[in-house]
Amino acid sequence: MALQKCHSRQSLGEVLDSLRAAGNDWALVPTMGALHDGHVALIRQAKAVCREVVVSVFVNPLQFGPSEDFRRYPRDVSRDAEIVRRAGGTVVFAPSSEEMIPKGLTVEVDPGRLGRVLCGRSRPGHFRGVCTIVAKLLNIVEPRYAFFGWKDAQQLVILRAMVRDLNMSVELVGCETIRESDGLAMSSRNVYLSKRERRMAPELYRALRTAWEAYAQFGERRSARLEGLVRQHVAQTTDAKLDYVKAVSLDDLTPLKEVEQGNTLLALAAWVGKTRLIDNVRL
Ligand code: AMP
């Protein structure tokens, strides 16, 4: 079936009505566009669960700080639509800003403490912007499932808390991080990297792997040691500036003194030149 493209809630509503009438469930894959193989993996996994997959493409202004890259964030909806089609997505929902953020929007969804730690410390308001728009997308699209990447682990933990705390009737599914062959986590922001920065960037993941190996092979459980290994590797192999590296609980993002097996996120954010990259491993 041809890919359906909707730019308004109204036209999406009509498509969803026809899916409903045909007795279909559908899944939502929210994105900001500039799609890469990480997004494709999400769409494919959604497709394995639902025949109908709605991919939203919306560069959410509420989640960018005033000095961040909202204006220059890469945008190409026709290219994105073609990628969605090839990955098996059935509907693209690419609303305008006016459609998603009406003038006079005052009610937002604030994730509280969860939104103030890790990335939230250096990006105040970021996760409130994410929650507000994802809540709106879930209300508009009414999917049975919504797919998110572990690449943005804090986002996934926060959205799970939002769905639980606000009794939203959707099931969130987390998908593993897709990486380039040298280990760099795929990201729409990787295009900002210079050649030199691109060569350095995979060291962030290698640093996390060093800590992962110390944990898995040598039984190191002390968070401070594991975080120290990451810092050391990054300092020795790059001139990236770490924003944070932290071992936290996957339940509620509280700092852990020792790894809790199966419930620990070791996450980092770093500036590689002017580009802020994030990555993580779960222990
Ligand atoms: P974005 O377009 O960057 O907002 O990402 C949209 C969705 O794709 C989010 O759920 C991300 O976590 C997910 N995603 C982004 N990059 C990757 C990746 N490399 N692997 C898996 N999922 C990803």
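The values are calculated or read from the model by the stated rules, or taken from the named source; none is laboratory data. It should be emphasised that the depicted structure is a prediction, and the values quoted were computed from it without experimental measurement. When we count neighbours, we look across all protein chains shown, and the Cβ atoms used for this are built from the backbone with ideal geometry, even at glycine. Calculation scope for accessible area: heavy atoms of the full protein, side chains included, ligands and nucleic acids excluded. Shrake-Rupley method; radii C 1.70, N 1.55, O 1.52, S 1.80 Å.
Checking each residue in region 227-262 for being under 16 Å from Val117 (Cβ atoms) and either of a type in the set (Phe, Trp, Tyr) or surrounded by 14 or more Cβ atoms within 10 Å (Cβ to Cβ) (or both) picks out Glu227, Leu242, Asp243, Tyr244, Val245, Lys246, Ala247, Val248, Ser249, Leu250, Leu253, Leu256. When Ile278 is evaluated against the numbered criteria (1) in a loop (DSSP other than H, G, I, E, B); (2) within 28 Å of Leu137 (Cα to Cα), which criterion, by number, is the only one it fails? Unmet for Ile278, out of (1) in a loop (DSSP other than H, G, I, E, B); (2) within 28 Å of Leu137 (Cα to Cα): (1). Residues in region 179-214 that are among the hydroxyl-bearing types (Ser, Thr, Tyr) and open to solvent by 30 Å² or more (accessible area, probe 1.4 Å): Ser181, Tyr192, Ser194, Tyr205, Thr210. Across region 134-143, not a single residue is classified as within 28 Å of Leu256 (Cβ to Cβ), of a type outside the set (A, V, I, L, M, F, W, C), open to solvent by 30 Å² or more (accessible area, probe 1.4 Å) and in the same structural domain as Pro61 (by TED's automatic domain parsing).
Return a yes/no flag: does region 107-128 have any residue that is open to solvent by less than 40 Å² (accessible area, probe 1.4 Å) and more than 17 Å from the chain's Cα centre (by Cα). Let's see the steps before the verdict.
Filtering region 107-128 down to residues open to solvent by less than 40 Å² (accessible area, probe 1.4 Å) leaves 109, 111-112, 114-115, 117-120, 123, 125-127.
Filter again for more than 17 Å from the chain's Cα centre (by Cα), leaving 109, 112.
Yes: one or more hits.
If you go through region 11-57 one residue at a time, how many are within 14 Å of Phe147 (Cβ to Cβ) and within 16 Å of the ligand (Cβ to nearest atom)? Before the answer, list the steps.
Within region 11-57, the first condition is being within 14 Å of Phe147 (Cβ to Cβ), and the residues that meet it are 25-31, 35, 38-50, 52-56.
Checking the rest, the ones that are also within 16 Å of the ligand (Cβ to nearest atom) come to 27-31, 35, 38-49, 53-56.
Summing the residues that are within 14 Å of Phe147 (Cβ to Cβ) and within 16 Å of the ligand (Cβ to nearest atom) in region 11-57 gives 22.
A search for C-beta distances below 9 Å between a residue of region 178-204 that is without any contact (Cβ under 8 Å) to a residue 60 or more places away in the chain and not assigned by TED's automatic domain parsing to the domain that holds Gly149 and any residue that is aliphatic (A, V, I, L, M) and more than 15 Å from the ligand (Cβ to nearest atom), counting only pairs 6+ apart in sequence or on different chains, returns Arg198/Val272; Glu203/Val234; Glu203/Ala240. Of everything in region 159-178 that is more than 9 Å from the ligand (Cβ to nearest atom) and more than 17 Å from Leu28 (Cβ to Cβ), the residue that is surrounded by the fewest Cβ atoms within 10 Å (Cβ to Cβ) is Asn167.
Every test in (1) within 22 Å of the chain's Cα centre (by Cα); (2) of a type outside the set (D, E, K, R); (3) not in a helix (DSSP H, G or I) is passed by Val191 save one, and that test is (3).
Every residue, every condition in (1) of a type in the set (Asp, Glu); (2) over 24 Å from His126 (Cα atoms); (3) outside the structural domain of Arg128 (by TED's automatic domain parsing); (4) touching a residue at least 12 places away in the same chain (Cβ under 8 Å), yes or no:
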residue: Leu12; (1), (2), (3), (4): no, yes, no, yes
residue: Val29; (1), (2), (3), (4): no, no, no, yes
residue: Ala41; (1), (2), (3), (4): no, yes, no, yes
residue: Lys47; (1), (2), (3), (4): no, yes, no, yes
residue: Glu52; (1), (2), (3), (4): yes, yes, no, yes
residue: Val59; (1), (2), (3), (4): no, no, no, yes
residue: Tyr73; (1), (2), (3), (4): no, no, no, yes
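On inspection, Val272 qualifies as in contact with an Asp or Glu (Cβ under 7 Å, 6 or more places away or on another chain) and buried (at least 22 other Cβ atoms within 10 Å of the Cβ). Just to be sure before I move on: is Val84 away from the ligand (no atom under 13 Å from the Cβ), under 28 Å from Leu16 (Cα atoms) and outside the structural domain of Lys241 (by TED's automatic domain parsing) in the structure I sent? No, not satisfied.
Applying the condition of being in a helix (DSSP H, G or I) and touching a residue at least 24 places away in the same chain (Cβ under 8 Å) to region 217-226 and asking which residue is most open to solvent (accessible area, probe 1.4 Å) yields Ala224.
With respect to (1) open to solvent by 20 Å² or more (accessible area, probe 1.4 Å); (2) more than 10 Å from the ligand (Cβ to nearest atom); (3) modelled with pLDDT of 95 or more, the lone exception for Ser67 is condition (3).
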